[in-house]
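Below is one structure, written out as structure tokens, with a few remarks after it.
FYI, it's all coordinate maths here, none of it is from the lab. Because the structure is a prediction, the values reported are computed rather than measured. Don't worry about glycine lacking a Cβ; one is built from the backbone with ideal geometry, like all the others, and counts go over all protein chains shown.
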């Protein structure tokens, strides 16, 4: 895919028009090469992995000529940005177990639970164990990994096979249910 210098002087809109008239891939290729750094940068931003981003860009290139034919594109740059962003979102949605690095912080929930336990002077591990055992299995497993093992969301997803959304929900609901149980049993 070498850049054709004879096409580099044409505007994006001219290339789109020429492609529609001739269905020649060289015009799409020229557009792709112009925006390759943008496409890769957007993929890297969302997918957080250079290999996956490269694969996503190549898949996008393969799909690009068909996508261009489907739409009436007024301005190519904003259109291609939306296409690549949506492409990345689709990849992330297909990867149910994908967890971005920014979903690994559990300090707020951990501090809240520890504060509650300190307020109640819960040194009796029996009460805590009893309340944990009353939780639904998925909540109990997620909370145990989260509070006892101090694992971030990403590792809980990897260990359990639950989705990130489910892990967050199990921890939130489990924390609420655990708090209710502990409050109901405090003396």
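Return the total of residues in region 22-33 being surrounded by fewer than 18 Cβ atoms within 10 Å (Cβ to Cβ) and touching a helix residue (DSSP H, G or I) at 6+ places or on another chain (Cβ under 9 Å). Looking only at that region, the number is 4. Looking across region 53-76, the residues that are surrounded by 13 or more Cβ atoms within 10 Å (Cβ to Cβ) and touching a residue at least 40 places away in the same chain (Cβ under 8 Å) come down to 65, 68, 73, 76. Of the residues making up region 136-168, those that are under 22 Å from residue 94 (Cβ atoms) and touching a helix residue (DSSP H, G or I) at 6+ places or on another chain (Cβ under 9 Å) number 13.
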